[in-house]
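Below is one structure; the comments refer to it alone.
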Amino acid sequence: LKKPQASSDTETREILDDPQPCPYSTVRRMLPRLTSVALSRRIRPSRARPTGRCVSGGGSLGSASPPPGITGTIPRLGVGIRVGQSAEVLRSFTDEDVATFGRLVGDLNPVHFPDGGDEKRKRPVVHGMLVASLFSSVFGTLVPGSVYRSQNLRFERPVRVGDRVKGRVVVAEARAVSSSRTGEGVICTCRTTVVRAREGKEGISSGDDEEICVSGEARVWLPGATVGREC
(Lines give C-alpha, C1' and ligand atoms only; values in the text may rest on other atoms or scores of the structure.)
Protein backbone atom coordinates (compact mmCIF):
# COMPACT_ATOMS: atom_id res chain seq x y z
CA LEU A 1 0.00 0.00 0.00
CA LYS A 2 1.13 3.50 -0.75
CA LYS A 3 2.34 5.37 2.30
CA PRO A 4 -0.02 8.25 3.22
CA GLN A 5 1.21 11.67 2.15
CA ALA A 6 0.79 13.11 5.65
CA SER A 7 3.16 10.51 7.06
CA SER A 8 5.68 11.24 4.31
CA ASP A 9 5.48 14.98 5.03
CA THR A 10 6.00 14.34 8.74
CA GLU A 11 9.06 12.16 8.11
CA THR A 12 10.44 14.77 5.70
CA ARG A 13 10.12 17.56 8.25
CA GLU A 14 11.74 15.40 10.92
CA ILE A 15 14.73 14.65 8.68
CA LEU A 16 15.22 18.31 7.73
CA ASP A 17 14.90 19.60 11.29
CA ASP A 18 16.92 16.88 13.06
CA PRO A 19 20.57 18.03 13.55
CA GLN A 20 21.75 14.41 13.88
CA PRO A 21 23.02 12.53 10.80
CA CYS A 22 20.41 10.53 8.92
CA PRO A 23 21.07 7.07 7.38
CA TYR A 24 22.05 7.33 3.73
CA SER A 25 19.40 4.81 2.70
CA THR A 26 16.67 6.99 4.22
CA VAL A 27 17.96 10.16 2.57
CA ARG A 28 18.18 8.40 -0.81
CA ARG A 29 14.61 7.13 -0.53
CA MET A 30 13.28 10.53 0.54
CA LEU A 31 15.49 12.67 -1.75
CA PRO A 32 12.77 13.97 -4.13
CA ARG A 33 10.52 14.98 -1.25
CA LEU A 34 13.43 16.40 0.80
CA THR A 35 14.51 18.58 -2.12
CA SER A 36 11.00 19.91 -2.66
CA VAL A 37 10.44 20.81 0.99
CA ALA A 38 13.95 22.25 1.44
CA LEU A 39 13.50 24.56 -1.56
CA SER A 40 10.10 25.70 -0.33
CA ARG A 41 11.54 26.80 3.01
CA ARG A 42 14.83 28.21 1.63
CA ILE A 43 15.94 31.45 3.28
CA ARG A 44 16.73 34.28 0.92
CA PRO A 45 19.56 36.53 2.22
CA SER A 46 18.51 40.04 3.06
CA ARG A 47 20.04 42.78 0.93
CA ALA A 48 19.08 45.53 3.36
CA ARG A 49 21.97 47.78 4.28
CA PRO A 50 22.72 48.05 8.00
CA THR A 51 21.61 51.21 9.78
CA GLY A 52 23.87 53.25 12.01
CA ARG A 53 22.78 51.18 15.03
CA CYS A 54 25.55 48.94 16.35
CA VAL A 55 24.73 45.43 17.44
CA SER A 56 26.63 43.94 20.35
CA GLY A 57 27.67 40.35 20.96
CA GLY A 58 26.51 37.76 18.47
CA GLY A 59 23.45 39.71 17.35
CA SER A 60 22.96 41.02 13.85
CA LEU A 61 20.45 43.06 11.94
CA GLY A 62 17.54 40.79 11.12
CA SER A 63 19.48 37.56 11.66
CA ALA A 64 18.67 34.42 13.60
CA SER A 65 20.82 32.69 16.19
CA PRO A 66 23.77 30.56 14.99
CA PRO A 67 22.81 26.96 14.17
CA PRO A 68 23.37 24.30 16.86
CA GLY A 69 27.03 23.34 17.24
CA ILE A 70 28.38 26.72 16.09
CA THR A 71 29.01 29.52 18.56
CA GLY A 72 30.43 33.00 18.19
CA THR A 73 29.65 36.48 16.94
CA ILE A 74 29.65 36.08 13.14
CA PRO A 75 26.01 36.88 12.26
CA ARG A 76 23.69 34.45 10.52
CA LEU A 77 23.63 35.10 6.74
CA GLY A 78 26.59 37.47 7.19
CA VAL A 79 24.36 40.53 7.58
CA GLY A 80 26.46 43.06 9.50
CA ILE A 81 29.70 41.05 9.48
CA ARG A 82 32.74 43.00 10.63
CA VAL A 83 36.41 42.67 11.61
CA GLY A 84 37.02 40.91 14.91
CA GLN A 85 33.92 38.69 14.84
CA SER A 86 34.52 34.97 15.16
CA ALA A 87 32.80 31.58 15.11
CA GLU A 88 33.78 28.16 16.46
CA VAL A 89 32.67 24.57 16.09
CA LEU A 90 33.62 21.64 18.32
CA ARG A 91 34.28 18.24 16.81
CA SER A 92 35.94 14.88 17.39
CA PHE A 93 36.62 12.41 14.59
CA THR A 94 35.96 8.68 14.79
CA ASP A 95 37.66 5.71 13.12
CA GLU A 96 34.65 5.48 10.82
CA ASP A 97 34.94 9.16 9.82
CA VAL A 98 38.60 8.71 8.92
CA ALA A 99 38.07 5.41 7.09
CA THR A 100 35.18 6.85 5.06
CA PHE A 101 37.19 9.94 4.09
CA GLY A 102 40.21 7.82 3.20
CA ARG A 103 38.18 5.58 0.88
CA LEU A 104 36.43 8.57 -0.67
CA VAL A 105 39.64 10.42 -1.63
CA GLY A 106 41.80 7.32 -2.11
CA ASP A 107 44.21 8.11 0.72
CA LEU A 108 44.80 4.75 2.39
CA ASN A 109 48.02 5.70 4.15
CA PRO A 110 48.40 3.26 7.08
CA VAL A 111 48.91 6.11 9.57
CA HIS A 112 45.20 6.88 9.22
CA PHE A 113 44.06 3.40 10.24
CA PRO A 114 44.29 1.32 13.44
CA ASP A 115 47.62 -0.54 13.91
CA GLY A 116 49.05 1.25 10.89
CA GLY A 117 52.40 -0.47 11.19
CA ASP A 118 53.42 1.51 14.28
CA GLU A 119 53.00 -0.30 17.58
CA LYS A 120 53.82 2.85 19.59
CA ARG A 121 51.03 4.82 17.96
CA LYS A 122 47.88 4.40 20.03
CA ARG A 123 45.36 6.13 17.77
CA PRO A 124 45.21 6.82 14.02
CA VAL A 125 46.00 10.27 12.66
CA VAL A 126 43.05 12.13 11.13
CA HIS A 127 43.62 13.32 7.54
CA GLY A 128 44.77 16.94 7.64
CA MET A 129 42.28 17.99 4.97
CA LEU A 130 39.43 16.39 6.90
CA VAL A 131 40.40 18.42 9.97
CA ALA A 132 40.65 21.60 7.88
CA SER A 133 37.13 21.03 6.52
CA LEU A 134 35.87 22.45 9.84
CA PHE A 135 36.55 25.93 8.43
CA SER A 136 34.26 25.56 5.43
CA SER A 137 31.59 23.94 7.59
CA VAL A 138 31.36 27.12 9.68
CA PHE A 139 30.69 29.42 6.71
CA GLY A 140 28.63 26.85 4.82
CA THR A 141 26.29 26.62 7.80
CA LEU A 142 26.18 30.28 8.84
CA VAL A 143 25.97 31.71 5.31
CA PRO A 144 24.30 29.25 2.88
CA GLY A 145 25.66 29.78 -0.62
CA SER A 146 29.08 30.96 0.55
CA VAL A 147 31.97 30.09 -1.78
CA TYR A 148 35.60 29.51 -0.84
CA ARG A 149 38.04 31.59 -2.92
CA SER A 150 41.28 30.46 -1.29
CA GLN A 151 42.73 28.78 1.79
CA ASN A 152 46.31 28.30 2.91
CA LEU A 153 47.11 25.78 5.64
CA ARG A 154 49.91 24.93 8.01
CA PHE A 155 49.67 21.55 9.75
CA GLU A 156 51.47 22.09 13.04
CA ARG A 157 50.41 19.07 15.11
CA PRO A 158 48.61 15.85 14.23
CA VAL A 159 44.98 15.39 15.27
CA ARG A 160 44.22 11.83 16.31
CA VAL A 161 40.98 9.89 16.36
CA GLY A 162 39.04 10.83 19.49
CA ASP A 163 40.75 14.20 20.04
CA ARG A 164 38.22 16.92 20.86
CA VAL A 165 39.16 19.86 18.68
CA LYS A 166 37.77 23.29 17.96
CA GLY A 167 37.68 24.86 14.50
CA ARG A 168 37.82 28.64 14.75
CA VAL A 169 37.53 31.45 12.18
CA VAL A 170 38.22 35.10 13.01
CA VAL A 171 37.30 37.88 10.56
CA ALA A 172 40.42 39.86 9.61
CA GLU A 173 38.94 41.85 6.71
CA ALA A 174 35.44 42.32 5.28
CA ARG A 175 34.95 44.15 1.98
CA ALA A 176 31.59 44.82 0.34
CA VAL A 177 31.51 43.88 -3.36
CA SER A 178 28.83 44.36 -6.00
CA SER A 179 28.93 43.15 -9.60
CA SER A 180 26.50 42.20 -12.34
CA ARG A 181 27.87 38.65 -12.35
CA THR A 182 27.80 37.80 -8.65
CA GLY A 183 25.45 40.39 -7.22
CA GLU A 184 26.00 42.03 -3.86
CA GLY A 185 27.95 40.44 -1.05
CA VAL A 186 31.13 40.49 0.99
CA ILE A 187 34.63 39.15 0.39
CA CYS A 188 35.77 38.02 3.81
CA THR A 189 39.35 37.22 4.84
CA CYS A 190 39.65 35.14 8.00
CA ARG A 191 42.33 33.72 10.23
CA THR A 192 41.61 30.01 10.63
CA THR A 193 42.83 27.66 13.35
CA VAL A 194 42.06 24.23 14.75
CA VAL A 195 43.03 23.89 18.41
CA ARG A 196 42.81 21.23 21.09
CA ALA A 197 43.41 21.10 24.84
CA ARG A 198 47.00 20.58 25.88
CA GLU A 199 47.86 17.18 27.27
CA GLY A 200 46.62 16.90 30.84
CA LYS A 201 43.89 19.52 30.33
CA GLU A 202 40.27 18.35 30.36
CA GLY A 203 38.66 20.99 28.16
CA ILE A 204 39.38 23.52 25.43
CA SER A 205 39.29 27.08 26.70
CA SER A 206 41.84 29.58 25.39
CA GLY A 207 45.41 30.82 25.67
CA ASP A 208 47.91 28.56 27.40
CA ASP A 209 45.41 25.72 27.82
CA GLU A 210 45.18 25.03 24.09
CA GLU A 211 47.61 24.16 21.31
CA ILE A 212 47.30 24.88 17.61
CA CYS A 213 47.04 21.88 15.30
CA VAL A 214 46.17 23.65 12.02
CA SER A 215 46.49 27.32 11.11
CA GLY A 216 46.00 29.39 8.00
CA GLU A 217 43.99 32.07 6.24
CA ALA A 218 40.84 31.84 4.11
CA ARG A 219 39.10 34.15 1.63
CA VAL A 220 35.39 33.49 1.30
CA TRP A 221 32.65 35.03 -0.85
CA LEU A 222 29.46 35.63 1.19
CA PRO A 223 26.54 36.35 -1.16
CA GLY A 224 23.90 38.71 0.20
CA ALA A 225 26.08 39.62 3.21
CA THR A 226 26.71 43.19 4.32
CA VAL A 227 29.55 44.87 6.22
CA GLY A 228 28.61 46.10 9.68
CA ARG A 229 29.57 49.49 11.01
CA GLU A 230 32.27 49.54 13.66
CA CYS A 231 30.94 50.40 17.14
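The values are calculated or read from the model by the stated rules, or taken from the named source; none is laboratory data. Source: prediction; values computed, not measured. Cβ: placed from backbone, ideal geometry, glycine included. Neighbour counts: every protein chain shown. Ligands, DNA and RNA are stripped out before the accessible areas are found, and what is left, the full protein with its side chains, is counted by its heavy atoms. Shrake-Rupley method; radii C 1.70, N 1.55, O 1.52, S 1.80 Å.
Ordering 189, 71 by accessible area with a probe of 1.4 Å, largest first, what comes out?
Details: 189 15, 71 85 Å².
Greatest to least solvent exposure: 71, 189.
The distance between label points at residue 164 and residue 90 comes to 0.5 nm (points 7 Å beyond Cα on the Cα→Cβ vector).
Determine, from the Cβ-Cβ distance of residue 182 and residue 229 and an R0 of 25 Å, the FRET efficiency 1/(1 + (r/R0)^6), rounded to the nearest 0.05.
Details: r = 23 Å, r/R0 = 0.92.
The calculated FRET efficiency here is 0.60.
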